[in-house]
Structures are given as structure tokens and as C-alpha cells.
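To keep things clear, I will list the structure first and then write my remarks on it.
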Amino acid sequence: MAVVSTSLAGAVTSQLNQFSGLRKSFLKLDASSANSNQSFFLNVDSHIRLASSGKACRSVVAMAGSGKFFVGGNWKCHLVSCFLISPCILKQYTQNGTKESISKLVSDLNIATLESDVDVVVSPPFVYIDQVKNSLTDRIDVAAQNCWIGKGGAFTGEISVEQLKDIGCKWVVLGHSERRHVIGEDDQFIGKKAAYALSQGVGVIACIGELLEEREAGKTFDVCFQQLKAYAGNDYQLSILWCADAVSSWDNIVIAYEPVWAIGTGKVASPEQAQEVHAAVRDWLSKNVSADVASKTRIIYGGSVNGANSAELAKKEDIDGFLVGGASLKGPEFATIINSVTAKKVAA
Ligand code: PGA
């Protein structure tokens, strides 16, 4: 997707440096690949393609994935945001998650100019989905922020996938860190939800991501791969026991890598940090699911994305879009993030 002007030698060097610092066993794997030119080039083939086979190696298309850019807005459950003016005075500067504020956000999105080659989805709180569906342009799809693990029934307080479909939701966000670490959902529960939603034709924005202490302990890849396994549920003897319902098709899944330390904190991952994990996730998909799934699956980044940092992140070849929280509550800024797809189209 991204076209960058670079030399193949530079691309090779960057591939060699790609998996640094997160997990030693992964490094070993790639270092051994690099020992053989042939296996190394097989290894990088899915990441680096020649822009024109007839020309010398002056420019390459750094196109790790073949899927369309994807940007989701996660509106969460915000009601009133405040900032502190003095220890005694809280000033309200915005109100999100009321009928009135959602109406304003929707009208801002309806008049925004959005690049055509981007899939755009917003996920309002359940109680406002109908309002949004009835007022938002068809250009933008609607997602739910959660769903029940199976067919609807006597499950007080839950919302079934069937009900989401009934009100026109095409997507559901699952495995978000706030559901994992605040509500206490585990991998098995999340995997079941994903499998059921997909079986009913609802797309899944499947979130993964490590805590700060896990990153500092060098466990980022281990955590992300473990969470991926719960969605994949294949190729793992153990998964037959703990994730029997896992997905059979990846056609309708978007993976959102959201490092927990970056969510809502203003501490965005650097483009290099995000790229490093995205490339590892794509590599994991290739080895554990298929090369085809690795190529087609959108791997989007989430965690303090805003209108000022999205373009730099979008330039990275394995970043196929974003899942945006706070900045998706401001229509013009969310439009800027959506339109950062243009940063991927750098002339060769
Ligand atoms: P943030 O949230 O953009 O506010 O960090 C991202 C998310 O939770 O999906």
C-alpha cells in the first residue's frame, strides 16, 4: 500500500533490524534466516516488493498487507470530560456520549471530506447506536463495543449479535484492554465472542496488546501471540481444549494492536515500536494461519492516535489503519486521521 523511495539495501537493513529488543527467541529466528541470502529474501518477500520488476532496485513498494486502510472510532462510554483549572475549579470543555453531543459529532462526520480508499467505522455506546445509524452517512459503518458470546437468551444485561445485526451493526470491537483489564474478560471468553460474531456475519475488530510491565519484561510478543491464539484457535494442541469455538475464517477480522500503556495516556507508541509489533503479528499470521491471511488481514494501531501523529504512523508498511479513542470524538480531527491514508502514498 505504501510506496516509498528507498534502496533495496536499505530495506534489507531495516528488515534485519526489525525485530529488536522485544523477545530473544524471535531474534534468533530472524538472525538464522539472515544467514542465508535465499531464506532471508523469502522471509522479507511478504514485506518488500519491487515497484517495477523491469527497473533497477531504486524504489520498492513497502506493502506488507494487501487490505484496504481501516480506521475505527471507539467512542467508549464518555460523558463529560473536564480539565483542572485550579485545585478547586474543574472546567468542562467537552461533552461526549449524550444525545446532543453525538448529534454534533455525527453532523461533523457527515460533512467531512474523507478519502475514498479507507474503510471507516465508529462504535458508539449501545444506547446511541440506533440514533447514529439513523443519522450518520452510509459512508461510515457502525460497530458495537461488545457482544454476548453466543445466541441471545436469558442473559440479563447482555446484547446479542442477533440484536446488533437487527439495528444495522456490521462490526463489533472485542478484546479491548478495558474489557480485559477492567472488566476481567479472559482469552477464552473473548475467543468465543469473536467466533460467534463471525459465524453470524458480523466483523470483529480483535484487540490485542501488552501492559507496560509486560513490555518492560520483554514479553510483548508472547502476550500478543497468546491473545492472537485465542482468536485463531488452530495449530495449537492446547487451543482445542480452551478455545474450541475459535474462528474458522479470517475474512472479517481486523486486528487492532493497542499497547495498554498507550491507551488514553497521550503516550503514543513510536512508529518504529508499532511497526515492530505489527510486522511480528503479520509474521505470526503467516506462520500459524496462512500467508494469504497474513497478507489480507488489516493490522491497525490504537493508543493515543491523533491528528498530529497519524501520518507518521501511517507511513509504516505494516500499519494498515487505526483504532482511535479520544481523538475520534472530534469530527474534524477524526477526519484528519482517516485521511492520513494519503501519507502511505509517497511517490517512489
Ligand atoms: P485512545 O484510545 O485513542 O484514547 O488512546 C484507543 C482505544 O482505546 O481504542
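Computed quantities for the displayed model
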quantity	calculated
Identity of the residue in region 139-180, out of contact with any Gly (no Cβ under 6 Å at 6 or more places or on another chain) and among the aromatic types (Phe, Trp, Tyr), that ends up nearest to the ligand (Cβ to nearest atom)	Trp148
Any hit, region 206-224, residues being within 18 Å of the chain's Cα centre (by Cα), part of a helix (DSSP H, G or I), at pLDDT 95 or above and closer than 22 Å to Phe70 by Cα	yes
Listing of helices (runs of 4 or more DSSP H) fully contained in region 246-348 that carry 2 or more residues being more than 16 Å from the ligand (Cβ to nearest atom)	271-288, 291-296
Close pairs (9 angstrom Cβ cut-off, 6 or more residues apart or separate chains): on the phi > 0 side of the Ramachandran plot in region 250-279, in a helix (DSSP H, G or I) and within 15 Å of the ligand (Cβ to nearest atom) anywhere	Gly264/Glu178; Gly264/Gly326; Gly266/Gly326
When residues of region 100-121 are limited to those that are closer than 18 Å to Phe69 by Cα and among the charged types (D, E, K, R), the one surrounded by the fewest Cβ atoms within 10 Å (Cβ to Cβ)	Asp117
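Yes/no matrix, rows are residues, columns are (1) among the basic types (Lys, Arg); (2) in contact (Cβ under 8 Å) with a residue 60 or more places away in the chain; (3) more than 19 Å from Ala269 (Cα to Cα):
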{"residue": "Ser160", "(1), (2), (3)": "no, no, yes"}
{"residue": "Ile167", "(1), (2), (3)": "no, no, yes"}
{"residue": "Leu174", "(1), (2), (3)": "no, no, yes"}
{"residue": "Gly184", "(1), (2), (3)": "no, no, yes"}
{"residue": "Lys193", "(1), (2), (3)": "yes, no, yes"}
{"residue": "Val202", "(1), (2), (3)": "no, no, yes"}
{"residue": "Cys207", "(1), (2), (3)": "no, yes, no"}
{"residue": "Leu212", "(1), (2), (3)": "no, no, no"}
{"residue": "Thr220", "(1), (2), (3)": "no, yes, no"}
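The values are calculated or read from the model by the stated rules, or taken from the named source; none is laboratory data. Treat the numbers as computed from the prediction; the structure is a model and nothing was measured. When we count neighbours, we look across all protein chains shown, and the Cβ atoms used for this are built from the backbone with ideal geometry, even at glycine.
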